[in-house]
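Read-outs: derived from the displayed coordinates by stated rules, not from any lab. This is a predicted model, so every value here is computed, not measured. Glycine gets a Cβ as well: all are built from the backbone with ideal geometry, and neighbour counts include every protein chain shown.
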Amino acid sequence: MQTLQELGEAVAERRKALGLRQQAVAEQAGITPESLSRFERGRSAEFGSRKLLAVLAVLGMELNVIRSGQSGTLDELRQERNQA
């Protein structure tokens, strides 16, 4: 992922896969449902790290940081290939 919009889409996809509503995730993460909605739709110019980490925790996700252009693990490459 390279953009905030892509990250928001991934969060929305995970939330829906878990059968959770924005309201419930937002409450557990300590943010407003409107803020989460804008983030998921790519309508947020910025989304703070505290908010992001809280939402990811609620959804059982984590953030991995790698250098640009560096290949991922074999599992990550397989997953990326299957999504294309």
Quiz prompt | Distance (nanometres) between label positions extended 7 Å along Cα→Cβ at residue 43 and residue 68 | solution = 3.0 nm
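For the chain, compute Rh as the Kirkwood radius over C-alpha pairs and then the Stokes-Einstein diffusion coefficient at 25 °C and 0.890 mPa s; write the answer in µm²/s, rounded to an integer. Walk me through the numbers on the way to the answer.
Working: Rh = 13.6 Å.
Taking Rh from Cα pairs, D becomes 180 µm²/s.
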Quiz item: Could you give the nm distance between label points at residue 1 and residue 76, where each point is 7 Å from its Cα heading toward the beta carbon?
Solution: 1.3 nm
Quiz item: Which value, in Å³ per residue, describes the convex hull spanned by the Cα atoms of region 17-60?
Solution: 65 Å³
Quiz prompt | Lys, Arg +1 and Asp, Glu -1 on Cβ, resulting dipole of the chain about Cα centre, debye, nearest 20 | solution = 120 debye
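Do you know the relative contact order of the chain, to the nearest whole percent, from alpha carbon pairs under 8 angstrom that are 6+ apart?
Details: 60 pairs, mean separation 24.3, N = 84.
That works out to 29 percent.
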Practice problem: Can you pull the one-decimal nm distance between simple spin-label points at residue 10 and residue 50, each 7 Å off the Cα toward Cβ? | Solution: 2.3 nm
Exercise. Could you order peptides 59-66, 37-44 by the average number of other Cβ atoms within 10 Å of their residues, highest first?
Key: 37-44, 59-66
Quiz prompt | Helix 74-83 vs. the chain, principal-axis angle (Cα, 0 to 90°, nearest 10) | solution = 70 degrees
